[in-house]
Amino acid sequence: MMVHGQNGELERIVRVKKVKKNTKLTLAGRKPFENYGIVNPPVYRTSTVLFENTKELGKAIKNRFNRTYYGRYGTPTTFALEEGIAEIENGHKTIATSSGMSSISISLLSFLSKNDHCLISDCTYYPTKKFAVKMLLKFGVNVDFYDPKNINSIKNKINKKTKIIFMESPSSLTFEIEDMSAIIKIAKKKKILTIIDNSWATPLYFSPIRQGIDISILAATKYISGHADNMLGLITVKNEKLFLQIKDTAVNLGDCPGPQECYLGLRGLRTLSARLERHRSNALKIARLLENNNKVLKVFHPALPNNDNYTLWCKYFSGSTGLFSFILKEQSKNVIYKMIDKLKLFKLGFSWGGYESLILPVFPKNERKIAKWKEKGILLRIHIGLEDVDDLTKDLFQAFKL
Ligand SMILES: *Cc1c(COP(=O)(O)O)cnc(C)c1O
């Protein structure tokens with residue numbers, strides 16, 4: 001019987017020698033000698049799991065959240081991914097879900113009841129805000145948004161019913177960074193749960209649980225899977241109590257990622273470090289060129305020293321990734337849209353985190369409730385892929401006449 005968390009390749013090696021994160025990425029969640037020596041965990045497909053006798057069935061019911069039990073509770077492929085991510089996130093355990101968005105909704109639904117209050121950063125991924133306003137409000141949860149750049153905006157809104165503070169840092173359109181340790185301090189004092197959407201930095205460049213945040217969420221659709229071919233979400237928690245509560249919610253809601261999706265997530269994890277290093281250096285190079293071009297009004301990349309968030313970025317992050325945005329001096333929508341259509345390597349489409357470069361015109365003004373967006377012009381959000389940086393620069397500069 002395969003049991004969650006035992007005899008892993010990583011455990012065996014770590015017992016001998018403590019290894020660094022990049023090495024862990026290649027080992028975490030693997031158990032080759034439980035499967036004929038085959039390097040990667042197989043894609044286990046199942047609904048039914050069999051028990052040898054009624055005594056075994058009884059044991060399984062008691063321990064159902066931590067073993068093979070029924071398809072919806074996870075397969076050994078799911079567990080391999082979850083173990084791997086928990087290790088990289090420095091968390092207690094991870095729960096895999098069917099998308100980044102379901103990781104967000106399941107986490108929020110796990111802890112909120114009627115008349116509870118929930119605080120969400122105003123710069124959060126728009127579908128997260130929409131879920132809060134459309135679904136949570138419907139079930140009698142009070143939702144407030146706070147300005148991620150103003151700690152008083154949080155302090156003033158906390159009340160006796162506040163159960164959750166939901167952060168996203170940096171924000172995935174405008175790249176504001178929150179002063180997370182200050183927020184954690186307030187939350188701890190008031191016994192409020194903290195959750196972060198860590199999809200931009202990934203656990204390689206920021207460790208939420210180590211920082212003191214209770215729950216870290218990854219849209220694994222993005223960098224973890226890394227090839228624009230997978231929908232997957234990951235929730236990592238700091239203790240067993242949180243794990244049981246969230247896992248129970250996921251099972252009750254009927255959410256379960258398929259084993260193939262989990263396999264692809266785990267495969268992506270193996271190359272995450274190498275890919276991120278290239279996304280990071282390509283993106284920084286292009287961000288600097290844009291910043292120094294006189295046809296560009298402003299660049300929103302937190303790892304540029306001129307950016308308002310640079311000090312906080314240095315405080316919390318050990319690296320930057322491939323996603324940032326900029327505004328041109330040219331303000332005409334017509335002209336800018338024509339320029340976008342001239343791009344050849346940068347493709348027009350949602351999402352990010354794959355090997356390819358993407359661009360999207362976005363309008364943060366329409367999404368904000370508290371933290372007003374005051375910048376003029378169309379915000380161009382770009383994801384810098386793994387292409388040659390000179391080709392990408394040429395493409396961008398010819399289309400935008402830079
Ligand atoms: C894409 C994204 C999500 C949602 O992930 P899906 O897998 O598309 O549901 C959540 N948060 C951020 C910051 C994202 O960019």
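Quick note: the coordinates plus some simple rules give every number you see, no bench work behind them. These numbers were taken from a predicted model, which means no experiment stands behind them. All Cβ positions, even for glycine, are placed from backbone atoms using ideal geometry, and neighbour counts span all protein chains on display.
Do the alpha carbons of any pairs in K295/K347; K31/K130; K190/K315; K285/K329; K138/K372 sit beyond 29 Å of each other, and which pairs?
Details: K295/K347 22 Å; K31/K130 40 Å; K190/K315 24 Å; K285/K329 20 Å; K138/K372 26 Å.
As for pairs spanning more than 29 Å Cα to Cα, those are K31/K130.
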Quiz item: Using the Cα gyration tensor of the stretch 338-383, with a ≥ b ≥ c the square roots of its eigenvalues, what is the shape: rounded (a/c below 1.5), prolate (a/b larger than b/c) or oblate (neither)?
Solution: oblate
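Do me a favour and compute the ellipsoid semi-axes for the chain from its Cα gyration tensor, root of five times each eigenvalue, largest one first, whole Å.
Numbers: eigenvalues 269, 138, 67 Å².
The answer is 37, 26, 18 Å, longest axis first.
What GluC sites (Glu not before Pro) in the stretch 38-123 are in a loop by DSSP, with at most 11 other Cβ atoms within 10 Å of the Cβ?
Hits after loop and neighbour filter: E52.
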Quiz item: Quick one: if you take sqrt(5λ) for each eigenvalue of the C-alpha gyration tensor of the stretch 272-400, what semi-axes come out, biggest first, whole angstrom?
Solution: 21, 20, 14
Quiz item: Where in the stretch 21-125 are there trypsin sites (Lys or Arg not before Pro) that are in a DSSP coil and have at most 12 other Cβ atoms within 10 angstrom of their Cβ?
Solution: R45, K114
Quiz item: In degrees between 0 and 90, to the nearest 10, how far off the longest principal axis of the chain does helix 76-89 point, with axes built from Cα atoms?
Solution: 50
Quiz item: Counting DSSP beta bridges in the stretch 10-270, what percent are antiparallel, to the nearest 5?
Solution: 35
Self-check item: Calculated SAXS-style log₁₀ I(q)/I(0) at q = 0.17, 0.18, 0.20, 0.23 Å⁻¹ - the stretch 120-191, Debye, Cα scatterers
Solution: -0.62, -0.70, -0.86, -1.09
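Fewest to most neighbouring Cβ within 10 Å: what's the order for M167, M339? Present the calculation step by step, with values, prior to reporting the outcome.
On the way: M167 26, M339 19.
Ordered by Cβ neighbours within 10 Å, fewest first: M339, M167.
Which order do peptides 216-227, 130-141, 307-318, 268-279 fall in by mean Cβ count within 10 Å, highest first? The partial results should precede the final answer.
On the way: 216-227: 26.1, 130-141: 14.8, 307-318: 17.1, 268-279: 18.7.
Result, highest mean Cβ count within 10 Å first: 216-227, 268-279, 307-318, 130-141.
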Quiz item: Tell me, what is the FRET efficiency for Y70 and K20 to the nearest 0.05, using R0 = 45 angstrom and their Cβ-Cβ distance as r?
Solution: 0.75
Quiz item: Each label point is 7 Å from the Cα along the Cα-to-Cβ direction; what then is the distance between the points at N156 and I61, in nm?
Solution: 5.4
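Taking other Cβ within 10 Å of each residue's Cβ, how do I38, I336, I382, I195 sort, fewest first?
Numbers: I38 12, I336 18, I382 24, I195 27.
Final ranking by Cβ density, sparse to dense: I38, I336, I382, I195.
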Quiz item: Does anyone have the angle between helix 100-111 and the longest principal axis of the chain? Alpha-carbon axes, 0 to 90°, nearest 10?
Solution: 60
